[in-house]
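One structure is given below, encoded as structure tokens.
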Amino acid sequence: MKLGILVNTNRNFQALTGITRAASGKGHEVVIFAMDEGTWLLEDPGCVSLSELANVSMSYCDHSAIEIGVKKEPLPEAIERSSQYNNASMNHNADKVIVL
Amino acid sequence: MEKKIAVLVRDRQGEALRMAVGIILLDDVIDVYVLDRKVDSSGNNELYLETIVDMEMNAYTNVKENEGLEYLSNEEIAARLVGYDHVLAY
Amino acid sequence: MTILYLLTRKPDPTFLAILSEQKKLHKVETIDLGTNREYDKIVDSIVAADKVISW
């Protein structure tokens, strides 16, 4: 399964990490796109570390991050600075999409 | 293959509508459902709705006061939602 | 059809109305992500469901 996770709040960190780690561990591909208040999680090392997991890719809406004022300078290259195009791509290609 | 996606616009209307307009980039079918509230005319909401009309996207609501959007009951919305590949509740 | 709802907030009247209607025709499962931490099982439920809707 290719699982898309749209992260548009910073209220579901535990579910985000738990589901991503469990899905990755089972060999599923996970695509995470953060926008709006979800970009706050880019300041959390626990969230950033998800990009190191097997089969996990992460990107975020730079427009949101700028609007909100997220500190994103130390982000690893594996987390792609992006736009709604990546959200469109995630939705186009994923088998299932959840919103957290 | 083309996907059918429903965007449910709830309390954060501006970002939900911005996203709905943004994810049309890969030519999937994007339908918008404004739920439980009148559309707030502040910010860019009206511009996003104009874009939704211009792009010939479908826009529905369960609030009769939302002029320009097609009214559907919750029962009709429930039946429609099972027809989408993805439902994005914002 | 099996529909899985993943709840991230308190159920509201619209959700309950939609759920009630869909239960007439479909098998509907609900998981509260605020309390359920069994993520291996949650992923299995996501895989198994025909539709997954977060609310």
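The values are calculated or read from the model by the stated rules, or taken from the named source; none is laboratory data. Values in this document were obtained by computation on a predicted structure and should not be read as measured data. For neighbour counting, all protein chains shown are included, and Cβ atoms are generated from backbone atoms with ideal geometry for every residue, glycine included. Surface accessibility is based on the protein's heavy atoms, side chains included, excluding ligands, DNA and RNA. Shrake-Rupley method; radii C 1.70, N 1.55, O 1.52, S 1.80 Å.
At-a-glance table
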item: Between helix A:13-25 and chain A: long-axis angle, C-alpha atoms, 0 to 90°, nearest 10; result: 40
item: The range A:2-64 versus the range C:12-55: alpha-carbon centroid distance in Å; result: 20
item: Within the accessible area of the protein assembly as shown (1.4 Å probe), percent carbon and sulfur; result: 47
item: Chain C: relative contact order in percent, alpha carbon pairs under 8 Å with at least 6 residues between; result: 63
item: With DNA, RNA and ligands ignored, accessible area of B:E70 (1.4 Å probe; Å², nearest 10); result: 100
item: Tensor-based shape of the range A:1-44 (alpha-carbon gyration tensor, a/c under 1.5 rounded, otherwise prolate or oblate); result: prolate
item: Percent RCO, i.e. relative contact order, over chain A, from Cα pairs under 8 Å lying at least 6 residues apart; result: 39
item: Magnitude of the charge dipole, chain A, Cβ model with Lys/Arg +1 and Asp/Glu -1, debye to 20; result: 340
item: Given charges at Cβ of Lys, Arg, Asp, Glu: the range C:1-51 dipole, positive-most of C:L19, C:T30, C:Y5; result: C:L19
item: Distance histogram for the protein assembly as shown (every C-alpha pair counted, 5 angstrom bins, percent rounded to whole numbers); result: 1, 6, 14, 19, 20, 18, 12, 6, 2, 0, 0
item: Measure of compaction for chain B (Cα Rg per 2.2 N^0.38 Å); result: 0.99
item: Pairs from B:K4/B:K38; A:K26/A:K72; C:K27/C:K51 whose Cα-Cα separation, in the structure shown, is over 18 Å; result: B:K4/B:K38; A:K26/A:K72
item: Gyration tensor (alpha-carbon) shape descriptor, chain C, a/c threshold 1.5; result: oblate
item: Surface accessible to a 1.4 Å probe, B:R80 within the full protein complex, Å²; result: 90
item: Stokes-Einstein diffusion coefficient of the range A:2-99, Kirkwood radius over Cα pairs, 4 °C, 1.567 mPa s, in µm²/s; result: 100
item: Student exercise, chain C dipole from Lys, Arg, Asp, Glu Cβ charges, in Debye to nearest 20; result: 160
